[in-house]
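Working notes, structure below.
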Amino acid sequence: MAGRWSGRFFGESRDEDEAMRRARETMTAAFLDLDGRQRIAESSVAASNRLYPDKGIHRQWQSVRDGCYEVGSRYVATCDDADSGRATVTDLDATTRALIDAAHLVDEFYGSHRAHLEHAASLLDAIPRIAVEAQSAADAARRSAVGPYAGYSSVRAGVAAIDEASLLLAGAGAQDDIRRVRDAAARLNDAVAELGSALAAAPDRERQARNALSSVTTRIAAVRNRAADLGPAYSSILREFNAASSDDLVGNDRESVRLIEQSEVLFAEAQAALAAGDPDLASELTARVRATLVDAEGLVDAVTDRLRLLRDVRTDPRAKVDAVRFRLRDAQLLAVNSGLAVEWGSALDAQVDRIERAVDRLAGTHPDYWAYITELDAVSSFVAGIVQRMRGQSATP
């Protein structure tokens with residue numbers, strides 16, 4: 001309604017009697033009161049719609065606003081009737097009550113959404129200032145990045161992030177997109193904070209990078225020595241056990257060598273980065289060296305651990321199956337005691353046959369110990385899954 005009826009005020013008619021004058025003054029006061037309340041609500045709703053359109057506040061406001069427009073039009077018509085002598089005190093009083101009722105509806109709407117509306121209005125007013133402050137902080141951060149640490153990767157990345165966020169903020173401001181301004185200002189503040197953290201950490205970065213490089217030198221040598229055991233271990237598996245016991249390990253020796261060589265290349269790059277004055281890059285490359293060595297170690301361990309496991313089971317095959325049988329019996333007992341035997345009993349009973357089939361694999365001249373191990377491990381995992389589900393059911397009220 002704001003602006004719709006501005007300037008529509010009427011002086012009292014010289015011929016109006018006292019009752020008519022008072023009725024008209026009361027009606028006009030009610031109109032001005034409604035107009036003021038609607039202005040406040042309207043501006044807050046507009047702020048909400050600009051910042052949080054998904055909230056749907058504008059859609060909820062429309063019916064209240066339309067009611068205000070309707071009663072506002074009634075006020076104008078009543079004033080016209082009063083000027084022409086067609087309106088009575090009763091007509092004016094009725095319009096006054098309608099204006100008051102409309103003001104109450106505005107109050108109810110605003111009260112229901114007060115926290116959100118006040119936040120939206122406040123934020124909308126603050127966003128231009130926030131944007132200016134963010135840009136000012138960004139300019140200061142750029143100046144602080146000029147110095148002995150300017151060549152560090154983290155510092156250069158921080159400055160680049162600030163530059164990108166500044167461009168986004170400028171573009172949003174040029175398009176008067178208040179939500180994008182808000183988001184870009186927040187992003188710029190985050191970039192400023194990231195650069196600040198990088199600069200705070202910078203004085204110690206060279207020492208950390210140098211220490212990391214020193215420690216990884218020893219690690220490369222250790223993994224290379226361990227890789228020397230892979231070939232003999234793989235040959236032992238082939239000689240002592242069924243060929244299928246090592247099918248999934250074929251190529252581990254070549255791949256581990258490739259990874260060790262790759263780690264050495266990365267190590268040289270890290271040394272060069274440190275010498276060039278970028279300890280951040282040196283640290284990043286050193287971390288990649290470590291990760292590559294972990295992969296190489298995993299390939300070596302897969303072979304040596306397999307040989308050790310196969311020999312342990314060959315020495316005492318009953319220990320493996322007895323452990324699985326014990327776990328199965330324990331699960332069957334839990335099913336009975338928990339009243340879940342009907343639901344889970346048959347699935348658990350079926351594992352007995354799987355265990356016996358696994359044991360049968362050890363018959364013959366060349367027992368398949370790996371198939372024996374994998375099948376018993378599968379049974380153990382299956383039983384563990386059922387136990388977990390049964391415990392979950394028992395815990396449910």
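For the reader, a short list of remarks on this structure follows.
- Selected residue (criterion: modelled with the highest pLDDT) from residues of the range 361-397 that are assigned to a loop (DSSP other than H, G, I, E, B) and polar (S, T, N, Q): Thr365
- Within the range 18-40, tally of residues that are more than 59 Å from the chain's Cα centre (by Cα) and more than 14 Å from Cys79 (Cβ to Cβ): 3
- Ser144 at negative phi, surrounded by fewer than 18 Cβ atoms within 10 Å (Cβ to Cβ), touching a residue at least 40 places away in the same chain (Cβ under 8 Å) and not assigned by TED's automatic domain parsing to the domain that holds Gln38: yes
- Within the range 212-269, tally of residues that are touching a residue at least 60 places away in the same chain (Cβ under 8 Å) and farther than 30 Å from Val313 by Cα: 5
- Qualifying residue in the range 203-213 (condition: under 30 Å from Ala363 (Cα atoms), modelled with pLDDT of 90 or more, surrounded by fewer than 15 Cβ atoms within 10 Å (Cβ to Cβ) and not small (Gly, Ala, Ser)): no
- Scanning the range 46-85 for residues that are under 30 Å from Asp17 (Cα atoms), of a type outside the set (Ser, Thr, Tyr) and assigned to a helix (DSSP H, G or I) yields Cys68, Glu70, Val71, Gly72, Arg74, Val76, Ala77, Cys79, Asp80, Asp81, Ala82, Asp83.
- Qualifying residue in the range 240-251 (condition: crowded, with 21+ Cβ neighbours inside 10 Å, assigned to a helix (DSSP H, G or I) and either modelled with pLDDT under 95 or basic (Lys, Arg) (or both)): yes
- Residue selection: Glu118 fails the criterion of being farther than 30 Å from Ser44 by Cβ and in contact (Cβ under 8 Å) with a residue 12 or more places away in the chain.
The values are calculated or read from the model by the stated rules, or taken from the named source; none is laboratory data. Remember, predicted model here, so these are calculated numbers, not experimental data. Glycine also receives a Cβ, built like all others from the backbone with ideal geometry; neighbour counts cover every protein chain displayed.
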